[in-house]
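J.: A single structure is presented below for examination.
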Amino acid sequence: MELTQRNLDIDPDVKAFIMKHNGDFRLCTTCGGPVIVPVEMKGSKDSDIIVQIGPNKLYISKVQARYLSRIDKHMLAYYERYMEKRELDFDQ
């Protein structure tokens, strides 16, 4: 685990996912809890905490950062389900 400047543990699976998808992501709030999505889906804010992951950035909502001690792969589930549905839609 790597600690950020706010002492947030980042799961290696999250880092690997971001590196694999070669883009910037944001950890933000939804009614279902914290999620990690591409910045194209939910743009970053000036108040976000920025964590460099290779050439990419993970923007962390300042609101969420107050309540988190760890960023783990379950926060990617929303985006992964979205991508699976998109692939199914393209196949039809």
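J.: Can you list the lysines whose alpha carbon is less than 18 Å from that of residue 20, not counting same-chain residues fewer than 8 positions off?
T.: Cα-Cα hits under 18 Å: 57, 73.
J.: Over the stretch 39-90, what is the relative contact order in percent, taking alpha-carbon pairs closer than 8 angstrom and at least six residues apart?
T.: With pairs under 8 Å counted, the relative contact order is 21 percent.
J.: Given a 1.4 angstrom probe, what's the average accessible area per residue across the chain, in square angstrom?
T.: Per residue, the chain has 64 Å² of solvent-accessible surface.
J.: For the chain, what % of the accessible area comes from carbon and sulfur atoms, probe 1.4 Å? Intermediate values should be presented prior to the final figure.
T.: Numbers: 2890 of 5910 Å².
Reported share for carbon and sulfur atoms: 49 percent.
J.: Output the antiparallel fraction of DSSP beta bridges having both residues in the chain, as a percent to the nearest 5.
T.: Among the beta bridges of the chain, antiparallel pairing accounts for roughly 70 percent.
J.: With the alpha-carbon atoms as the only input, what is the per residue convex hull volume for the chain in Å³?
T.: On the way: hull volume 9.1 nm³, N = 92.
Given the Cα convex hull of the chain, per-residue volume reads 99 Å³.
The values are calculated or read from the model by the stated rules, or taken from the named source; none is laboratory data. Just so it is clear, the structure is predicted and the values come from calculations on it, not from any experiment. Surface accessibility is based on the protein's heavy atoms, side chains included, excluding ligands, DNA and RNA. Shrake-Rupley method; radii C 1.70, N 1.55, O 1.52, S 1.80 Å.
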